Structure formats: structure tokens, C-alpha cells
Amino acid sequence: MSSIQKAFKVTLIPTHNQEVLINKTIGCARYVYNRFLALRQELYTTEQKTLNYNACSQKLTILKKEIEWLKEVDKFALQNSLKNLETAYKNFFADLKKSKSKKGVGFPKFKKKYGCKQSYKTNLTNGNIQVTENKCKLPKLGWVRFHKSQDITGKLVNVTITRTSSGKYVASILCETEIEKHPQVSQNIGIDLGIKSYLVTSNGEVVENPKYYRVQKRKLRKAHKKLSRSVKGSTNRVKAKIKLARACVRITNLRDDFLHKLSTRLIKENSIICIEDLRVANMVKNHKLALSISDASWSKFVTMLEYKALWHDRLVQKVGTFYPSSQTCNHCGFINPLVKDLKLREWSCPGCSGYNLRDNNAALNILGEGVRLIAAVGIPEALNACGELVSPGAIQAEIIEAGITRLQVV
Ligand SMILES: [Zn+2]
């Protein structure tokens, strides 16, 4: 058994008064975020002073005496706003230090009333939050009913309430929960993420791309058209907006379901999973491939593999983007530049005349390179006398300590 943090998402069924209060709280949380962002910016430009979370928190207490309506809402929501702002600053500075690239997390931005994520987070203290079969008790809101979709188990940590673009209210209930680990297995695998198929493994398994987005594209295009043709400010426009948002949600749900099932199975069956470190953002710029890539949502898939690996003592090893996994022959190591052409699906090696299927060859190379990298980390107990890998659990622990893999919560 191991203890993990898991988020359970439920759709709330608030009463009218509760809905009003949720929206008010989201508004107040946004107000606090923006007001303190402005204050921090101003102090920095005028006096070169920085204002940390504690200083902001003290100022918030004073502000609440001046502004009556801030007292009407959940106080944790406002505090968490300040914490989010602090994190946004920290991420910005951390990113500034480590990369010289233009494309980073960027300076904290003001939150808008529309377009960005509308939510607030509340924390558990002294039983202010409770969850039963089909309702949950939240600060200031009281008992709110929800649609039950799954069993919520574990110790409550916090709850995030979000108003989705389709006009629904979703509570993400974070719990500390125990999970039963999968039994240890000895199989290792290399994965090549593809365009033609979703992925090909070093075992030769081909997982087809579901392409939900393409299937649903017509519906989506219709919804887009309806929205752009509607008159601004009309009821029809509101309806069209909701319809479009719902179509997007449906696609996301279908895709997430596919990704969850696939990642769970791969984690269960394998001990070490080697995968390409994708610069997806860069690849999406190539317009021809853009639709397929974002549709396949590889980065989400890799994230799922990473946190599930942590839950079950598996290891996800990323292989550098510049490693020529497609061009290298897995039999003899010959590098065949002709394979750069994406249309070349299979080839005979000029070096050893071995036959290679493009994606399967890449997956085998990724596995080989991944295992080599793990061995190079220099963990003595990971290698036996013959230099073969043993005990991925031990490597896993070492690698987590070294901060190479980080925990992600759904
Ligand atoms: Zn060869």
C-alpha cells in the first residue's frame, strides 16, 4: 500500500443562493489576486520593494475591514488567491533563472472575468468540510448536493470549486488515499509516440490513434459557425457559447478516458518505461502535424505515466529529443539519414541488411537508450555483477530523491 493524493471531481447541484455565493467568492478571489498583483507591481516600480505572501496576508486583513463584501465569502478562498499569486511569482523567477528561452511561464497576469479559469480553493480546518454519499459541506455554502460518479475515499485535504465554461459547477475534492500497488514485474518497454498510430511499443504492439477530435470536428465546426454568426449580446449567442463549450468538454472526456486506460495498463505491465522527451510545443508549430499532435495530447499522457509510476514503484525514463531514435538501426547502430523522411515506414539497414519497421525500431532504440541512461545515473544497486539492471524500485526511489521525476496529481 502507498499513500497518494488524489482528486475526485464531482458536478455540484447548487441551489440558487449557493450559486450566487459561489460566483461571489470566485469574484472576490479574483479581486484579491488582481489587487495584490497591482500593489506588488507598483511597489516594485516605485520603491524596488517586493511584497511576500505574509506581508500580503497582513494587508488583506486590513483590507477586509475597509471592504465589507470581502467578509461575506470564504476566507480561505482569499488566502489561497494570495498563495497562488506568490506561486506565480516564484515560477516566473525560477523560470527566468534556469532558461534563457523566450517562451517561459511569463510574468503573472491579471485575471479576467471571462476566458480564463474561474475557480477558488478552500482548505480543511476543524471539520469545516465534510463529504457524504451525495452532498458535501463547504465553508459559507453549507451542504451542497452533487452528482455521484465515483466513491470518494481517503482523508480530505482541500476542495477547489470551478465554474466551467459550459456553466456547470465542479468541485475537485483532494484526498489523501491509500492505493494497492501493482505486483512487481520484470518487463521493460520502449514507447515511440506516433502520428499514424498513437504509439508503438518495443514489443511491436501498435495502439491506434482514436482521433476523437477529428471525428467530432464536424460537430465542433458547426458549433463554431453558429457562435460566430450570432449577434453579440443576444440570448442565442449565450446558448451557442454553451453548446460549443459542451462539445469541447465531451472531446476532452473521451480523450482523458482513453489516456487513463492506456497509461494504467502500461504501468501495470511494465517495470521501466522509456519514452521520448517531446518538445511538443515546438512540434505543434509545424501546422501540418499540429492537429494530430494536440489531438493526441502526448504531454498529458506522459504526465499520467509519470505519476502512476510513482504510485506503483515503476520508472519512467525520458530519452532526449535529439537522440536519433528513428534513424538508428537497432541491430547494428547504423544511422540511416534517409529515415528522416516521415513517409518511409519500413527500411532495410545498409549496415547489416536487417529489416526495420520505422516505429518499432524507434521504440526499441528508445528502450535501449533509456536503460543506458538509467545505468549512467550510477546507482550501484541497480546493476548486478553482469551489469544488468535489477530492482527498478531502488532506482525509482533514488531518482525521485534526485528530483528527476516529480509527483503530479490528477
Ligand atoms: Zn543495421
Query raised in the report: Whole-Hz Karplus ³J(HN,Hα) for segment 217-229, in order, using 6.51 cos²θ - 1.76 cosθ + 1.60 and θ = phi - 60°, x for Gly and Pro?
Result: 4, 4, 4, 5, 5, 4, 5, 4, 4, 4, 5, 5, 8
Report summary line: Extension length gain for LEU342 and GLN216 (0.36 nm per residue less Cα distance), in nm, is 42.7 nm
Query raised in the report: Under a plain spin-label model, where a point goes 7 Å from the Cα along Cα-to-Cβ, how far apart in nm are GLU269 and GLN130?
Result: 4.6 nm
Query raised in the report: At a Förster distance of 56 Å, what's the computed FRET efficiency of TYR44 paired with ASP277, Cβ-Cβ distance as r, to 0.05?
Result: 0.95
Query - Overall Cα dimensions of segment 59-177, principal axis frame, Å, largest first - result: 50, 39, 30
Query raised in the report: Using modelled backbone amide H atoms (1.01 Å from N, in-plane), which distant-in-sequence or interchain residues come within less than 5 Å of VAL144's amide H?
Result: CYS136, LYS137, LEU138
Query raised in the report: Given 10 Å bins starting at zero, what is the percent of C-alpha pairs of segment 25-65 in each, up to the one with the largest pair distance?
Result: 28, 55, 16, 1
Report summary line: Surpassing 27 Å at the alpha-carbon level, of the pairs LYS113/LYS155; LYS75/LYS109; LYS155/LYS181, are LYS113/LYS155
Requested in this report: With r as the distance between the Cβ atoms of PHE107 and THR153 and R0 = 51 Å, compute the FRET efficiency 1/(1 + (r/R0)^6) and round to 0.05.
Outcome: 0.80
Query raised in the report: Label points 7 Å out from Cα along the Cβ direction at ASN236 and HIS16: separation in nm?
Result: 2.9 nm
Query raised in the report: LYS83 versus SER57, label points 7 Å from Cα toward the beta carbon: distance in nm?
Result: 0.9 nm
Query raised in the report: Hey, if you put +1 on the Cβ of every Lys and Arg and -1 on every Asp and Glu Cβ in segment 2-179, which of ALA94, GLN130, ILE179 ends up farthest toward the positive end of that dipole?
Result: ALA94
Query raised in the report: Residue by residue through segment 354-362, which ³J(HN,Hα) values in whole Hz follow from phi under the Karplus form 6.51 cos²θ - 1.76 cosθ + 1.60 (θ = phi - 60°), with glycine and proline marked x?
Result: x, 8, 10, 8, 3, 6, 5, 4, 4
**Report entry** Candidate aspartates and glutamates - alpha carbon under 15 Å from LYS168, same-chain residues fewer than 8 apart omitted
**Finding:** GLU19
**Report entry** Burial ordering of ASP74, ASP341, fewest other beta-carbon atoms within 10 Å first
**Finding:** ASP341, ASP74
Query raised in the report: Roughly speaking, what is the centre-to-centre gap between segment 35-114 and segment 208-261 when only Cα atoms are used, to the nearest Å?
Result: 34 Å
**Report entry** Dipole in debye (nearest 20) - segment 2-179, about Cα centre, beta carbon charges: Lys, Arg +1; Asp, Glu -1
**Finding:** 600 debye
Report task. Write out the trypsin sites (Lys or Arg not before Pro) in segment 105-170 meeting two conditions: DSSP loop, and at most 14 other Cβ atoms within 10 Å of their Cβ. Result -> LYS109, LYS112, LYS113, LYS117, LYS148
Query raised in the report: Restricting attention to segment 191-234, which trypsin sites (Lys or Arg not before Pro) occupy a DSSP loop and are surrounded by at most 11 other Cβ atoms within 10 Å?
Result: LYS232
Query raised in the report: From the backbone phi of segment 42-47, what are the Karplus-calculated ³J(HN,Hα) couplings (6.51 cos²θ - 1.76 cosθ + 1.60, θ = phi - 60°) in whole Hz, Gly and Pro given as x?
Result: 5, 4, 6, 6, 7, 10
Report summary line: Amide H neighbours of LYS9 at under 5 Å, excluding residues fewer than 5 places away on the same chain, with H built from the backbone geometry, are ILE173
Report summary line: Here the FRET efficiency for ARG250 versus THR177, based on Cβ atoms and R0 = 30 Å and rounded to 0.05, is 0.60
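Rule-based calculations on the coordinates, nothing more; no lab input. Here the structure is a predicted model, which is why all the values come from computation and not from measurement. Using ideal geometry, Cβ is built from the backbone for each residue, glycine included, and neighbour counts are taken over all protein chains shown.
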